[in-house]
């Protein structure tokens, strides 16, 4: 089965196309065909969260989707959030609170945080930890990540730190 299919989608606000074998994973398509290498591939089983993207407005594990499922979709990768010279608020909070070390898990965390800030109250650190529980980090111990999200929640809610 080497026949490739055409895939057209909106990626980070721009219409793009690519070709892939029907069995190709969305994570591989995004990285290898569309060259959005910020989407990291970790466990390839949907457990670690490193490959998290927004798929039609909702965070999803790109390693659990086929590239063909992206046809006609709106996809946002970590590259949609900001650039090294123009960081968004989430990226700034992660930098401020040293919420990354090796950085491998960071794109997935950033994409998850972009959704949970819009959808969850996150009133306590326990709620923040629970909301982030689908993303694994082997370096930070999570404390700095929770601090970054707490700072973002306080900004969102107008609370002075």
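Quick check: is even one residue across segment 70-78 modelled with pLDDT under 95 and buried (at least 21 other Cβ atoms within 10 Å of the Cβ)? Write out each step before concluding.
Restricting attention to segment 70-78, the residues satisfying the condition of being modelled with pLDDT under 95 are none.
Looking through segment 70-78, none of the residues is modelled with pLDDT under 95 and buried (at least 21 other Cβ atoms within 10 Å of the Cβ).
Kindly indicate which of 118, 101 is more than 29 Å from residue 23 (Cα to Cα), outside any helix (DSSP H, G or I) and not assigned by TED's automatic domain parsing to the domain that holds residue 38. Even if it seems obvious, please write down each step before you answer.
Details: 118 fails: outside any helix (DSSP H, G or I).
Result of the check over 118, 101: 101.
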Might you let me know whether segment 61-69 holds any residue that is part of a strand (DSSP E or B), within 15 Å of the chain's Cα centre (by Cα), surrounded by fewer than 16 Cβ atoms within 10 Å (Cβ to Cβ) and not assigned by TED's automatic domain parsing to the domain that holds residue 110? no
Qualifying positions in segment 129-148 - farther than 20 Å from residue 40 by Cα and in contact (Cβ under 8 Å) with a residue 40 or more places away in the chain: 144, 147, 148
How do the pairs read when you match residues in segment 115-128 that are over 11 Å from residue 154 (Cα atoms) with residues anywhere that are modelled with pLDDT of 95 or more and part of a helix (DSSP H, G or I), using Cβ under 7 Å and keeping only pairs 6 or more apart or on different chains? 116/131; 120/127; 120/131; 125/146; 125/150; 128/146; 128/149; 128/150
Going through segment 1-45 one residue at a time, which ones are touching a helix residue (DSSP H, G or I) at 6+ places or on another chain (Cβ under 9 Å), part of a loop (DSSP other than H, G, I, E, B) and over 15 Å from residue 107 (Cβ atoms)? 13, 21, 22, 23, 24, 44, 45
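The values are calculated or read from the model by the stated rules, or taken from the named source; none is laboratory data. Note that the coordinates shown come from a computational prediction; the quantities given were computed from them, not determined experimentally. Quick reminder, even Gly has a Cβ in these numbers, built from the backbone with ideal geometry, and neighbours come from all protein chains shown.
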